[in-house]
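One structure below.
The values are calculated or read from the model by the stated rules, or taken from the named source; none is laboratory data. Keep in mind that this is a model prediction, so the values were computed, not measured. Glycine gets a Cβ as well: all are built from the backbone with ideal geometry, and neighbour counts include every protein chain shown.
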Amino acid sequence: MNTHRFTFEQAEMSPQWLKEAPGEHTPETEEYGIRSFLYAARRPFHPQRLMHILEQRDFPGVVRSKGFIWLAARHQFASAWSQAGPIINISYAGVWWATVSQEEWPDDEYFREELQALMEPVYGDRRQEIVFIGIQIKCEKITHSLNEALLTDEEMALGWEQWRAFLNPFVAWDLAVETDLGHDHVARLVN
């Protein structure tokens with residue numbers, strides 16, 4: 001910091017800089033095949049079908065993934081998706097903003113505008129939004145697998161009151177939330 005040892009004139013003469021300027025340098029993302037993609041959907045996952053996909057652990061090349069998901073059997077609650085290497089954790093992330101009165105939203109105008117942009121007429125801000133990062137990942141395969149876990153048109157037509165009856169293998173934090181044990185206890189049950 002403030003050593004005055006860096007100058008653009010000197011940097012422009014380095015071999016790496018000279019390769020970069022005409023586009024000869026290959027970015028590490030291309031050299032090693034690192035990429036990321038966002039999986040997004042506006043339908044809930046069927047809990048059993050999602051669990052089946054997670055048990056298969058068939059996410060070729062994925063090193064890390066993280067995001068929020070909407071499980072049909074947990075209509076009012078957002079779930080956090082966190083995966084590093086072979087470990088995938090689905091846990092309680094709070095409630096969807098659609099379940100919170102707008103009077104209780106933060107006062108920040110930018111935040112409110114961003115939140116309003118996420119809202120859809122029927123289900124509000126509920127959604128699937130997962131970022132996958134990996135080496136030569138198969139985006140189409142992962143997208144197809146996750147799409148298979150989404151509710152079908154017939155299941156969507158049942159409505160969220162009926163979705164609660166779906167068999168739900170993600171029970172650990174459900175029990176904590178339903179018995180109002182609090183977020184800290186939920187985290188211990190899931191982890």
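Tabulated data
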read-out: Qualifying residue in segment 99-113 (condition: outside any strand (DSSP E or B), of a type in the set (D, E, K, R) and under 19 Å from the mean Cα position of the chain (by Cα)); value: no
read-out: When residues of segment 129-146 are limited to those that are of a type outside the set (A, V, I, L, M) and under 14 Å from the mean Cα position of the chain (by Cα), the one nearest to Ala40 (Cα to Cα); value: Glu129
read-out: Options Arg42, Arg74; residue that is surrounded by 12 or more Cβ atoms within 10 Å (Cβ to Cβ), modelled with pLDDT of 90 or more, within 13 Å of the chain's Cα centre (by Cα) and not acidic (Asp, Glu); value: Arg42
read-out: Complete set of residues in segment 44-71 that are charged (D, E, K, R), within 25 Å of Tyr123 (Cα to Cα) and touching a Ser or Thr at 6+ places or on another chain (Cβ under 9 Å); value: Lys66
read-out: Residues of segment 1-22 satisfying the condition of being outside any helix (DSSP H, G or I) and at pLDDT 70 or above; value: Thr3, His4, Arg5, Phe6, Thr7, Met13, Ser14
read-out: His25 being at pLDDT below 90, over 30 Å from Trp96 (Cβ atoms), surrounded by 11 or more Cβ atoms within 10 Å (Cβ to Cβ) and out of contact with any strand residue (DSSP E or B) (no Cβ under 9 Å at 6 or more places or on another chain); value: yes
read-out: Residues located in segment 45-71, provided they are crowded, with 18+ Cβ neighbours inside 10 Å and outside any helix (DSSP H, G or I); value: Phe45, His46, Phe59, Val62, Ser65, Gly67, Ile69, Trp70, Leu71
read-out: Enumerated helices (runs of 4 or more DSSP H) restricted to segment 114-166, each holding at least 1 residues that are under 23 Å from Phe77 (Cβ atoms), in contact (Cβ under 8 Å) with a residue 12 or more places away in the chain and among the charged types (D, E, K, R); value: 139-149, 153-158
read-out: Sole residue being within 21 Å of Glu148 (Cα to Cα) and surrounded by 14 or more Cβ atoms within 10 Å (Cβ to Cβ), chosen from Ala98, Ala80, Ala93; value: Ala80
